[in-house]
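These notes are about the structure you will find just below.
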Amino acid sequence: MVELTPSFLMDYESLDKEHQALADIVNLVVEAIDGDDAGKCKTLLPEFVKAAKRHFANEEALLVKIGYPNVKKHQKHHRSLNTKMDHMIEFANMAGENQLARDSLRRELVFFLMDDIITTDMDFKAFIEEKAKTGEA
Amino acid sequence: MKGLHVIGVSHAYGDTQVLNSVSMMIPAGELVCLLGPSGSGKTTLLRLAAGLERLQHGQILINDQVVADAHMHVPPEGRGIGLMFQDYALFPHLSIIENVTFGLFGQPKDKARRHAMEMLDQVGMTAHAENHPHMLSGGQQQRVALARALAPEPNLLLLDEPFSGLDTNMRGQIREETQSVLKASGVATVMVTHDPEEAMFMADWIKILGNNGSILQSGRPHEIYYHPQHEFVAKLFGLMNRFVGVVKDGYVEIPIGKVGAKGMDDGRRVEVLVRPEGVLLESNGANGAPLDVVSTHLLGHDNIVRVRLTADNVAPEERNLYVRIHHTFEPELSKRITADVEADYAFIFPLDGAGDVAEASYASTPQPEAAK
């Protein structure tokens, strides 16, 4: 199960809440796979993708608002994740019947959340902290 | 979370910045390859994770424990890591079993020996336990190095170009065995390599480091190969055929067909990179671009064919192409041969460098006027 230990916290409430919400869905997927109820993944994954896209939009709006200098790079990174999410939806659709799809989905999803989303967000953690000190974030 | 967590790591040697805000998470049980050219900082990143260099900026955690940041530095022996290098680094004066038990200090001798023999068994080297390293081949020494690295049950295994000292045949076999042992161990593994094929074979995930010391792209091998996000990443995997064109009605016309440029504005000047396996040759093809075969080079499992496009309106720098064919290729002189593009192997990048790679899609059969 995914747990957002301190090194995965942005120390910015709204972003941490959104990361936690994504982690909660990931854990539901893991539970469904482990609990022999992988058919649920078919409905959980679209939920995850929707929440992820909402998070990307909120985050980009925040970064633009506070003048983060690498915002374009981060937007580009978000767009590059669409292909990965498409693949995970495919795995989720097959998870009910296919062991390989279940294994792949579980690993991809955990890596995607912890590495592609949260760890990459750490790039601007210090910037947000600075802006928060001056009341700009 | 168990594994390696690198957060915002930057590092410089004097005035030379070698790592530029690198972040990554490698969960336990996953094997991640750092792939990049010499000087891209991949070995520096490995050395920082190992504690062989002091971290200048950022933070490194292993299994949720901070092992390095700007103020503290846990030495390598305190990090619970296993290391494996290209030159095996076995102690020449110790026997194989002594080499493997070396890292098991603190354990009763019998227990350490039993555990070391189990590790040697996993890599098929028990018969050589009492030999010395100089009596073993390179491949055997590498197996012992793997057993030694895994014997203390590390939290993290770091491999630096581990197979580059082996000949081609042995390399294939040893990397397959290594992958299998690593999967069984469940340890988080980081492997540094400059060999794209090796990274594709070994890795669960690949992280591409560019010359500016930052991660350019991260993904499954399939994703990196078929959906490169940067020209640099596309070119890492060898020969490329390059064309220049302009986006029109969502497509780019190149001499061997049309490639879809979804998400790119009309009028944008772009380069189109096509892998050699993305150029399809056809005998007596009706619509493809006509060509002459210049030479064929048999590489064993496939052929590299050099061709020259013959249509008058092809720019001189776009006439000569490389084609990869996965079977014997013997052109029949009596037949007209033409080339067509396979969009899965074609990648479009803006020439001003400001935008994303377009997702190439094939525009059905190219129109004759587009192909000429």
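Straight-line reach from A:LYS133: which aspartates and glutamates fall under 13 Å, measuring Cα to Cα and dropping same-chain residues less than 8 apart?
Output for A:LYS133: A:ASP11.
Just the number, please: percent antiparallel of the DSSP beta bridges in the protein assembly as shown, rounded to the nearest 5.
Rounded to the nearest five, the antiparallel share is 75 percent.
Report the equivalent ellipsoid semi-axes for segment B:225-315 in whole Å, largest first, defined as the square roots of five times the eigenvalues of the gyration tensor built from alpha carbon atoms.
Numbers: eigenvalues 117, 71, 23 Å².
With the √(5λ) rule applied to segment B:225-315, the semi-axes are 24, 19, 11 Å.
Once you place label points 7 Å from the Cα toward the Cβ at A:ASP34 and A:LYS76, how far apart are they in nm?
If labels sit at A:ASP34 and A:LYS76, their model points lie 3.9 nm apart.
For A:ASP37, what accessible surface area do you get with a 1.4 Å probe? Give it in Å², rounded to 10.
Spelled out: A:ASP37, probe radius 1.4 Å, area about 70 Å².
Put a dot 7 Å past each Cα toward the Cβ at B:THR126 and B:SER295; how far apart are the dots in nm?
Here the modelled spin labels are 5.3 nm apart.
Per DSSP helix of 4 or more residues, -39500 (n - 2.57); summed, then divided by the residues of the protein assembly as shown. What does that give at 222 nm, rounded to the nearest 500?
The helix-only estimate for the protein assembly as shown comes to -10500 deg cm²/dmol at 222 nm.
What's the longest piece of chain B with no exposed GluC sites (Glu not before Pro), counting a site as exposed if DSSP puts it in a loop and it has at most 12 other beta carbons within 10 Å?
That would be B:131-331.
Leaving out ligands and nucleic acids, and using a 1.4 Å probe, what accessible area per residue does the protein assembly as shown come to in Å²?
With all protein chains present, the protein assembly as shown gives 46 Å² per residue.
log₁₀ I(q)/I(0) of the protein assembly as shown at q = 0.10 Å⁻¹, via Debye over equal Cα point scatterers, no solvent, to two decimals?
Once normalised to I(0) and log-transformed, intensities are -0.91.
If the label point is 7 Å along Cα→Cβ of B:GLU77, which residues in segment B:147-163 have backbone nitrogen under 16 Å from it?
B:152
I need the calculated FRET efficiency for the pair B:LEU239 and A:ASN98, taking r as the beta carbon distance and R₀ as 45 Å, to the nearest 0.05.
Efficiency, from the Cβ-Cβ distance: 0.80.
Viscosity 0.692 mPa s, temperature 37 °C: Stokes-Einstein D of chain B from its Kirkwood Cα radius, in µm² per second?
This corresponds to a translational diffusion coefficient of 142 µm²/s.
Can you give the longest stretch of chain A with no exposed loop site, where a site means GluC sites (Glu not before Pro) in a DSSP loop (not H, G, I, E or B) with at most 11 other C-beta atoms within 10 Å?
Maximal segment without exposed cleavage sites: A:4-96.
Taking 41 Å as R0, compute the FRET efficiency from the Cβ-Cβ separation of B:VAL66 and B:ASP302 and round it to 0.05.
About 0.25, to the nearest 0.05.
Where nothing but the Cβ of Lys and Arg (+1) and of Asp and Glu (-1) is charged, how large is the charge dipole of segment B:132-245 around its Cα centre, in debye to the nearest 20?
60
How much of A:LYS17 can a 1.4 Å solvent probe reach, expressed as accessible area in Å² and rounded to 10?
130
Cα centroids of segment B:137-205 and segment B:12-38: how far apart, whole angstrom?
Here the two parts' Cα centres lie 18 Å apart.
Please compute the length gained on full extension between B:ARG114 and B:LYS2, using 0.36 nm multiplied by the number of residues separating them and subtracting their Cα-Cα distance.
37.6 nm
With every atom except the alpha carbons ignored, what do you get for Rg and Dmax of segment B:1-84, in angstroms?
12.1, 37
By what distance, in whole Å, do the Cα atoms of segment A:12-133 stretch along each of the three principal axes, largest value first?
49, 24, 18
With +1 assigned to the C-beta of every Lys and Arg and -1 to the C-beta of every Asp and Glu, and no other charges, what is the dipole magnitude of chain B about the Cα centre in debye, to the nearest 20?
Using Cβ point charges on Lys, Arg, Asp and Glu, chain B gives about 540 debye.
What Kirkwood Rh does segment A:1-76 have if only Cα atoms enter the pairwise 1/r average? Answer in Å.
13.8
7 Å from Cα along Cα→Cβ at both B:PHE91 and B:GLU197: what's the point-to-point distance in nm?
3.7
Could you size up the charge dipole of the protein assembly as shown around its Cα centre, putting +1 on the beta carbon of Lys and Arg and -1 on that of Asp and Glu, and report it in debye to the nearest 20?
For the protein assembly as shown, the charge dipole is close to 440 debye.
Principal axis extents for segment A:65-108, Cα atoms only, whole Å, descending order, please.
Principal extents (largest minus smallest coordinate, Cα): 47, 14, 14 Å.
Once the Cβ-Cβ distance between B:SER137 and B:SER38 is put in as r, and R0 is 22 Å, what FRET efficiency do you end up with, to the nearest 0.05?
Numbers: r = 27 Å, r/R0 = 1.25.
The formula returns an efficiency of 0.20 here.
Cα-Cα over 21 Å: which of A:LYS53/A:LYS84; A:LYS53/B:LYS258; A:LYS17/A:LYS65; A:LYS72/B:LYS262; A:LYS17/A:LYS53?
A:LYS53/B:LYS258
How much length is gained if the chain between B:ARG336 and B:GLU277 is pulled fully straight, taking 0.36 nm per residue apart and subtracting their Cα-Cα distance, in nm to one decimal?
Contour length minus Cα-Cα distance gives 19.3 nm.
Output ³J(HN,Hα) for segment B:303-311: one whole-Hz value per residue in order, computed from phi by the Karplus curve 6.51 cos²θ - 1.76 cosθ + 1.60 with θ = phi - 60°, and x for Gly and Pro.
10, 9, 10, 9, 10, 10, 5, 10, 4
How much length, in nm to one decimal, is gained on full extension between B:ALA311 and B:ALA184, taken as 0.36 nm per residue of separation minus their Cα-Cα distance? Please report the intermediate quantities before stating the final value.
Working: separation 127, 0.36 × 127 = 45.72 nm, distance 5.60 nm.
Length gained, B:ALA311 through B:ALA184: 40.1 nm.
Need one value: the accessible area of A:LYS125 in square angstrom, 1.4 angstrom probe, rounded to the nearest 10.
Rounded to the nearest 10, the figure is 40 Å².
For segment B:1-77, what is the relative contact order in percent, using Cα pairs closer than 8 Å and at least 6 residues apart in sequence?
34 percent.
The values are calculated or read from the model by the stated rules, or taken from the named source; none is laboratory data. Fair warning: this is a prediction, and the values are worked out from it, not measured in the lab. Heads up, the Cβs are rebuilt from the backbone with ideal geometry, glycines too, and the neighbour counts pull from every protein chain shown. For the accessible areas, the whole protein counts, side chains as well, though only heavy atoms, and no ligand, DNA or RNA atoms are used. Shrake-Rupley method; radii C 1.70, N 1.55, O 1.52, S 1.80 Å.
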